[in-house]
Amino acid sequence: MAQLRPYAVSAPRRFAAALAAVTNEVARRSPAPHDFPFFGLDHPPGAGARLLERLSELGIFRFYERVLDVAGGIGGPARWLARRRGCHVISVDRDRERAAASRLLVRRAYLDAAVGVAVAALERLPAADASFTHAWSVEALDGEADRRPIWAELFRVVRPGGHVALQEWVRADDVRAAGPGTGVAARAYLGELRAAGFRELRVEEARGPLESEPALAEVVGRRLAEALGAAPADERNGLDAARARLEAHDREVDAGRLVLVQIFARRPA
């Protein structure tokens with residue numbers, strides 16, 4: 001539910017605690033879907049089942065792969081990847097509050113053995129060379145001022161032959177038709193990834209409307225809004241700023257000035 005997203009951005013730890021409590025309450029009567037233990041309310045708006053299936057399938061994510069989740073936020077897509085694809089995931093984010101929220105939800109989803117959470121600068125990852133088979137990021141890197149050091153780190157930590165899959169909102173004027181039936185190309189991302197050393201680059205528009213929330217998620221969302229209540233005084237400025245930013249983003253999407261794309265790359269073997 002759109003009105004809940006500012007809480008996830010500006011007060012992620014309180015949001016996660018309330019989400020876990022409400023989910024536990026509701027799940028006593030109506031169990032959550034296996035792949036969405038928190039009814040999808042811990043996911044970015046474009047990260048529904050259909051698009052995540054496509055991103056992971058085209059990115060060749062398989063059982064037992066070791067995946068780096070870049071700028072994982074509160075971790076919804078990382079938990080989905082562990083549940084749906086059977087991957088072992090390390091989710092890294094810059095922000096301690098978001099990471100704390102992610103850890104709380106990992107514990108409540110009983111995924112401690114499958115999903116790890118770390119706080120780190122994305123340009124200096126605490127990982128050994130070639131220590132991941134895959135990397136992915138879901139609607140998290142478009143706001144980075146300079147993504148080039150992040151791609152350099154991904155190239156270092158992904159093993160030769162490993163895959164990278166990204167889902168991002170890009171400016172419509174950075175998208176051009178690549179020919180009938182061949183999808184789209186986002187110039188900035190392709191150029192940056194190629195300069196970092198990645199090959200087999202492709203970008204495709206995530207076509208069609210965003211998936212609607214299931215009926216039960218709406219029920220959980222209403223109960224979650226009640227549980228969150230009015231924001232405490234020390235949260236209000238951050239909440240207002242997050243709401244304004246998200247509303248501006250939604251206006252850009254509605255006007256067709258932002259397009260959701262999926263980007264794939266491979267480190268040469």
Out of curiosity, is Arg79 under 25 Å from Tyr189 (Cα atoms), touching a helix residue (DSSP H, G or I) at 6+ places or on another chain (Cβ under 8 Å) and free of Cβ contacts under 8 Å to residues at least 60 places away in the same chain?
no
Give me the residue from the range 105-125 that is of a type in the set (Gly, Ala, Ser) and in a loop (DSSP other than H, G, I, E, B) and, out of that set, farthest from the chain's Cα centre (by Cα).
Ala113
If Ala82 satisfies all but one of (1) at pLDDT below 95; (2) farther than 19 Å from Ile263 by Cα; (3) among the small types (Gly, Ala, Ser), what's the number of the condition it fails?
(1)
Hey, Ala32 crowded, with 18+ Cβ neighbours inside 10 Å, of a type outside the set (D, E, K, R) and either under 18 Å from Asp112 (Cβ atoms) or in contact with a Phe, Trp or Tyr (Cβ under 7 Å, 6 or more places away or on another chain) (or both) or not
yes
I need a count of the residues in the range 226-250 that are part of a helix (DSSP H, G or I) and either touching a Gly at 6+ places or on another chain (Cβ under 7 Å) or over 16 Å from Pro44 (Cα atoms) (or both).
13
Pairs, first modelled with pLDDT of 95 or more in the range 146-157, second hydroxyl-bearing (Ser, Thr, Tyr), C-beta under 6 Å, six or more apart
Val157/Ser131
For the range 3-42, what are the residues that are under 22 Å from Asp234 (Cα atoms) and among the small types (Gly, Ala, Ser)?
Ala8, Ser10, Ala11, Ala16, Ala17, Ala18
If you go through Ala99, Ala82, Ala78, the only one that is assigned to a helix (DSSP H, G or I), among the aliphatic types (A, V, I, L, M) and touching a Leu at 6+ places or on another chain (Cβ under 6 Å) is Ala82
Under the condition of being surrounded by fewer than 22 Cβ atoms within 10 Å (Cβ to Cβ) and acidic (Asp, Glu), which residue from the range 39-91 is nearest to Ala11 (Cα to Cα)?
Glu53
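The values are calculated or read from the model by the stated rules, or taken from the named source; none is laboratory data. The structure presented is a predicted model; accordingly, all values stated were derived computationally and were not measured. In this analysis, Cβ positions are derived from the backbone assuming ideal geometry, glycine residues included, and neighbour counts consider all displayed protein chains.
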